[in-house]
Amino acid sequence: MALMPGDGEPHQRTIEDVLAALGTDAGQGLTEAEATARLDRFGLNQIQAGRAVPAWQKFLSQFTDVLVLLLIAAGVISVVLWFFEGGSALPYEAIAIFVIVLLNGIMGYVQQARAEKAVQALRTMSAPRATVIRNGERRRIPSARLVPGDIILLEEGDAVPADARLIETTALRTTEAALTGESVPVSKHTLPVAAGAVLGDRHNMVFSGTAVAYGRGRAVVTATGMRTEMGRIAGMLEQAPEERTPLQDELDRVGRSLGKIVVAIAAIMIATILLVDDVQGFSALFDVLILGVALAVAAVPEGLPAIMTTVLSIGVQRMAKRKAIVRYLAAVETLGSADVIASDKTGTLTRNEMTVRRIVTASGQVRLTGRDHPETVRAESADSACIHAELKRALIAAERANNAVLQQNDGDWSVQGDPTEAALIAAAWKAGLDCEALNHRFKRVAEIPFSSERKLMSTIHADAARESVLRAFTKGAPDVLLARCSHELVGEEARPLTDERRAEIMAANEALASEALRTLGVAFRSIPVQEANDVPSSVDVENDLVFLGLIGMMDPPREEARQAVAEAKAAGIRPIMITGDHPRTAAVIAAELGITDDLRAVTGAELETMPDDQFDRTVRDVSVYARVDPAHKLRIVDALQRQGATVAMTGDGINDAPALKAADIGIAMGITGTDVSKEAADIVLADDNFATIVAAVEEGRAIFSNIRKFLRYLLSSNIGEVMTMFFGVVLADVIGLVEGDGGLVLPLLATQILWINLVTDGAPALALGADPASTSIMRRPPRPRGEGVIPRRMWAGILLVGTVMAAGTLAVIDGSLPGGLIEGNGSVAYAQTMAFTTLTLFQLFNVFNARSDERSAFSGIFSNRWLWAALVLSLMLHAAVVYAPFLQQAFSTVSLSAADWLVCAAVASSVLWVRELSKLAMARSRLDRAVAA
C-alpha cells in the first residue's frame, strides 16, 4: 500500500493510525489540490481495460467480409489479366473496384468510430458517482476520481466505490457475494481486525464492487482501481463486449437471409449467362464471375449494423440532452412499445420541493406560509402557550431525527439529502429554532435508519441539559408510529393516549391527507443512561413513545407533469402512480394530474390480501396505488405483463431493483436514486421528472422510426438492383439487350453496381437516420409487443418499390437500344449509362418514399437539411462518373444530354408517384374499414 507506511494493513490498524498514515482528516477530508495531486499519482479509480485495438486493425477489419475479399481477389485477377493481355493503358475496371472497396472501407471505419465515440460518451454519462468530503464539504463526484485518503459517505443502496476502512457506522451491512461468495449481508464495525483475518472476515472494511444493503457509514479510501481487492482478482480485464440488442440480432437475420437469396440469384444469373450467352475465353468468363460477386456485394446490406449503431447512438445522445440517460441500447427499442408507465409520485410527478404547511398537536394546529427558503417566511403566531410548547417539541424531534443538510451558497439554498427531511429542518428554522444550538445540546450517539418495512426512523442523542438520560426522536408514517406510542404531549405534560384520542389523531391525519398534504408523525422517548448500553442496535427503542404531533407537507405537482400525462394518454400510454404516500394524498395528486378520473387508490395492505384473479382485475382498472412496498411493485409489473402490457417502471430504492429488472424498461431516479437501483435500470433520469420519461418515449419512437426509414430505403433499393440485373438477363432478348452478333449484354457492369451502392447507400441512409420525428408520433398507439422491425406491410412496400425500379430501368434500356419493345438507336455503352443514371435517380427519389409507409413523401419534405445535402452530394458524384473522362473509362460510361437526364429523371420519379398512389389506396382502405366497424 503505497500511502500506508508502517506495519500492518488497514484492517489491522486503528482508525487514528489509518487516517494519519493516509494524511487525511475524518471531518474535513482531502483538499482539492491534494486530491488532484493524488489522482495524478495513482490514476483513475477504475479497472484497467485491455489493450485498445489499434486504428489500423479496425480499418483492416472493414475488409474481412467474404464477399469483399472475393471482390478484392477479382480486382487482383483483373490486373493480372490486363498485364498479360496488354489491353488499355490502365486497368480501369480493377482500379474502379479497388477505389470503391477502399471508399466503402473508409465509410465503414468512420461510422464505426462515430458509434464507438457515442457509446463511450454514454458510458461516461452513466458512470457511477460517490459522495465524498472534500475541503470539509459534502460533494458528489464521479467514482473514477476517488483517491486514497478520500472520506466517503455510504448509505443504503449505494455501491461501494473503492476499498475503504470504516471510521463510522450506523447499523451498516453490505452485500459481498460478488467478492467473497457470502450470500447474506455482512454486518460492519470500526474496530481493528486480527492480522490473519481473511477477506470475508474483515468487518471493518468495505470493498469496491459490493453494495450497502442497510444502514449508513463513513470510511476512508485505502485503495483504488487495480489496487482494490476486485482489481487484484480481475487483473487485466478486457472491456465489456459491446451489447447486442434484439434489433441488431434481427437485422443480422434479415441480412443473412437476404444474402442467401441474393447469392442464389447471383448463381442462377451466372449460370443463365453461361447457358444463354456464348462466353468464350477466361477473360469473358472472369467478367461474368466478377459481375456475380459485385451483385452479391451490392445487394447484401453489409453496412446495416454500422449505420444502425450510429443512428442508435446519436439518438441516445439526443435523449441524454433531454435528461434521459440510456444505459442499455435495447431499452431504446422497447420504448417504442411501452404502453404503461408506472411512476413514483414524489419528485417525479411532483416538484420534490417539500414544504411544511401544517403542524397538528394536542392543543390545535399551526399553519406555516411561504416556500422552502427559511429566512423568507415565519410561522403564524400560536394561539396559546401550550401550542407553542408542543410546536417547539415537535419540530425539535423532526429536526433531530434527520440526516439532511440545508446549505446556503451565494444566497441560494441547496439540499444535501432527502427533500422531506430538508423541509423539516427548514420548518424548524421558520419557527425560530436555533439549529446550531440544537446541535450543541443534542449530540447523536446512535441511529436506527429508516426502512420501507418499518416505515420509521429513530435517532438517539445525549442531552447536554440532562446527562442522566438519552433522548430518542422518532419520525415516520403516522399510523405506524401512533401504534408504538403510549402517551401524548399536552403542553409540557405527557398524558396517556386513549382510544378516543387515537381516533381523533387519525381523523386529523385523514383531513390533512385529503388536502393532498403528506403526513409524518413525530414522537420521542427518554431513556435512562443505565439502559443505554443496548440502545444503538435495538429496535425496542421505538416502543412506549410520547406522541408529539402530525406534520403536513405539500409537494405540489409539476406543471410539466400534467402536460406529460396528457401526452402519454394521447400516445396510447396508460400512466399509473405507485407511491408510499397516503392513499388520499396520492388520489388527489393523481386526479389533479389527470392520471385518474376518480379518487380511488388501492393500498398495499389491500393488494396483500387479494387473490391473483382479483389482483389482475384491479391492476387492469385502477391507476393509483398507495402505501405500497417494493414487493407490491414487482407483483403489479407481473400482472401488467400477463395482460400483454409493455411496462416502464420507475424506482429509486435498493428494494426497487427486482421490479426495475422485471419491468420491460426499468427507470431509475438520477437524483434520489440509489446506486443499486441505477445499476438495475435501463434508463436513468437526470432530473427525476415524469415529463422526461414521456420525452424519452417520444425519442425512442423517433429513433425506431428512423431505423425503419433507412431499412426501408436500403432494402428496397438493393432489391431493385437485384431485380434489374436478374430480369435484365432473363428478358435480354425481349428488350433488345444483345450484341450485334447475338451475344448477351448485361444491364449494368459490376463497377456500376458497386458505385450505385457507394453513392446511394451511405450518406442518404445516414441522413434518414437523423430525420426529425413526425409531429404525429405521439398521437399513435404504441408499437405492438413482439412486432418485428420489418413487418409484413413494410415488406410489401419494399417489394413494390423494387419492382418499379427494375421495370423502369429495364424500360429505359429498351428505349435506348435498337430492337426490343421500344425502338431506340443508341449504343450499348449509352444504354448502360442511361440505366446506370436511372437506377441512381430511382434510389434518390426513393429516399422521400422511405420516410414513411403512410404519410405523403411531400409532408415536411424540407425538414431534413442533411437529407438534401446527401442528395446533392450523390448527384454530384454521379455526374462526375458520367462526364469526367478518366471516370468514364473506369466505369464505361458516356456523356448524356440534358434531354437524356430529363428522361431518366421522369422515369425515376415514377417510384414516387406509384408509392404515393399506394399510400392513398391504403389510407382509403383503412377509412372504409373504420366506417364499416
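The values are calculated or read from the model by the stated rules, or taken from the named source; none is laboratory data. Keep in mind the model is a prediction, meaning the values are calculated, not measured. Reconstructed Cβ throughout: ideal geometry from the backbone, glycine too, with neighbour counts over all protein chains shown.
Check off (1) under 30 Å from V193 (Cα atoms); (2) at pLDDT 65 or above for F98 and give me the number that stays unchecked.
Of the numbered conditions (1) under 30 Å from V193 (Cα atoms); (2) at pLDDT 65 or above, the odd one out for F98 is (1).
I'm trying to understand the selection: among the residues of the range 661-715, which are modelled with pLDDT of 85 or more, part of a helix (DSSP H, G or I) and of a type in the set (V, I, T)?
T692, I693, V694, V697
How about the range 215-241: which of its residues are part of a strand (DSSP E or B), crowded, with 19+ Cβ neighbours inside 10 Å and modelled with pLDDT under 90?
Matches in the range 215-241: G215 only.
Could you grab me the full set of residues in the range 342-362 that are at pLDDT 90 or above and either among the polar types (S, T, N, Q) or under 30 Å from V694 (Cα atoms) (or both)?
A342, T361
Report whether or not S874 is in a loop (DSSP other than H, G, I, E, B) and either under 30 Å from R318 (Cα atoms) or in contact with a Pro (Cβ under 6 Å, 6 or more places away or on another chain) (or both). Steps first, answer last, please.
Values: in a loop (DSSP other than H, G, I, E, B): no; either under 30 Å from R318 (Cα atoms) or in contact with a Pro (Cβ under 6 Å, 6 or more places away or on another chain) (or both): yes.
No, not satisfied.
Inside the range 664-680, can you point out the residues that are closer than 17 Å to G336 by Cα and surrounded by 24 or more Cβ atoms within 10 Å (Cβ to Cβ)?
I665, G666, I667
Can you find a residue in the range 768-789 that is closer than 27 Å to A880 by Cα and either in a helix (DSSP H, G or I) or not assigned by TED's automatic domain parsing to the domain that holds R865 (or both)?
Yes; the residues of the range 768-789 include at least one that is closer than 27 Å to A880 by Cα and either in a helix (DSSP H, G or I) or not assigned by TED's automatic domain parsing to the domain that holds R865 (or both).
Applying the selection to the range 15-35, what residues are aliphatic (A, V, I, L, M) and surrounded by fewer than 18 Cβ atoms within 10 Å (Cβ to Cβ)?
A20, A26, A33
Suppose the filter is over 22 Å from A338 (Cβ atoms), surrounded by 16 or more Cβ atoms within 10 Å (Cβ to Cβ) and modelled with pLDDT of 85 or more; does A806 pass it?
Values: over 22 Å from A338 (Cβ atoms): yes; surrounded by 16 or more Cβ atoms within 10 Å (Cβ to Cβ): yes; modelled with pLDDT of 85 or more: yes.
In short, yes.
List the residue pairs whose Cβ atoms are under 7 Å apart, where the first residue sits in the range 548-570 and is small (G, A, S), the second is surrounded by fewer than 15 Cβ atoms within 10 Å (Cβ to Cβ), and the two are 6 or more positions apart or on different chains.
A570/R779
Every residue in the range 129-143 that is crowded, with 16+ Cβ neighbours inside 10 Å and touching a helix residue (DSSP H, G or I) at 6+ places or on another chain (Cβ under 8 Å), please.
Once the filter is applied, which keeps residues that are crowded, with 16+ Cβ neighbours inside 10 Å and touching a helix residue (DSSP H, G or I) at 6+ places or on another chain (Cβ under 8 Å), the range 129-143 yields R129, A130, R134.
Please work out if A899 is of a type in the set (A, V, I, L, M, F, W, C), surrounded by 11 or more Cβ atoms within 10 Å (Cβ to Cβ) and over 22 Å from I753 (Cα atoms).
The answer is no for A899.
Please go through the range 628-650 and give me each residue that is aliphatic (A, V, I, L, M) and in a helix (DSSP H, G or I), ordered by number.
Result: A631, L634, I636, V637, A639, L640.
Looking only at residues in the range 316-340 that are assigned to a helix (DSSP H, G or I) and at pLDDT below 75, which one is surrounded by the most Cβ atoms within 10 Å (Cβ to Cβ)?
Top of the filtered list is E333.
Tally time: how many residues in the range 486-507 are within 16 Å of E390 (Cβ to Cβ) and either in a loop (DSSP other than H, G, I, E, B) or of a type in the set (S, T, Y) (or both)?
Residues that pass the stated criteria total 3.
What is the residue count in the range 801-818 for residues that are part of a loop (DSSP other than H, G, I, E, B) and of a type in the set (V, I, T)? Walk me through how you get there before you give the answer.
Here is the first cut: in the range 801-818, the ones part of a loop (DSSP other than H, G, I, E, B) are 817-818.
Retained after the next criterion (residues that are of a type in the set (V, I, T)): none.
Selection size over the range 801-818: 0.
Of the conditions (1) surrounded by 18 or more Cβ atoms within 10 Å (Cβ to Cβ); (2) closer than 26 Å to P630 by Cα, V480 satisfies every one except a single condition; which number is it?
(1)
Whether any residue in the range 841-855 is assigned to a helix (DSSP H, G or I), over 15 Å from M723 (Cα atoms) and of a type in the set (G, A, S) is what I want to check.
No, that holds for no residue.
Is it fair to say L550 is modelled with pLDDT under 90, surrounded by 13 or more Cβ atoms within 10 Å (Cβ to Cβ) and in contact with a Ser or Thr (Cβ under 6 Å, 6 or more places away or on another chain)?
no
Would you confirm, using the coordinates I've provided, whether A605 is assigned to a helix (DSSP H, G or I) and buried (at least 23 other Cβ atoms within 10 Å of the Cβ)?
Judged against the criteria, A605 is not a match.
Results for (1) under 18 Å from L920 (Cα atoms); (2) loosely packed, with under 15 Cβ neighbours inside 10 Å, shown as yes or no for each residue.
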{"residue": "P791", "(1), (2)": "no, yes"}
{"residue": "M794", "(1), (2)": "yes, no"}
{"residue": "I813", "(1), (2)": "no, no"}
{"residue": "P818", "(1), (2)": "no, yes"}
{"residue": "T840", "(1), (2)": "no, no"}
{"residue": "F848", "(1), (2)": "yes, no"}
{"residue": "D853", "(1), (2)": "yes, no"}
{"residue": "R865", "(1), (2)": "no, yes"}
{"residue": "A869", "(1), (2)": "no, yes"}
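Residue by residue through the range 877-932, note down the ones that are assigned to a loop (DSSP other than H, G, I, E, B) and touching a helix residue (DSSP H, G or I) at 6+ places or on another chain (Cβ under 8 Å).
Hits for the range 877-932 are S892, T893, V894, S895, L896.
What are the residues in the range 161-171 that are assigned to a strand (DSSP E or B) and modelled with pLDDT of 90 or more, if any?
We begin by selecting, within the range 161-171, every residue assigned to a strand (DSSP E or B); these are 163-171.
D163, A164, R165, L166, I167, E168, T169 - these are the residues of the range 161-171 that are assigned to a strand (DSSP E or B) and modelled with pLDDT of 90 or more.
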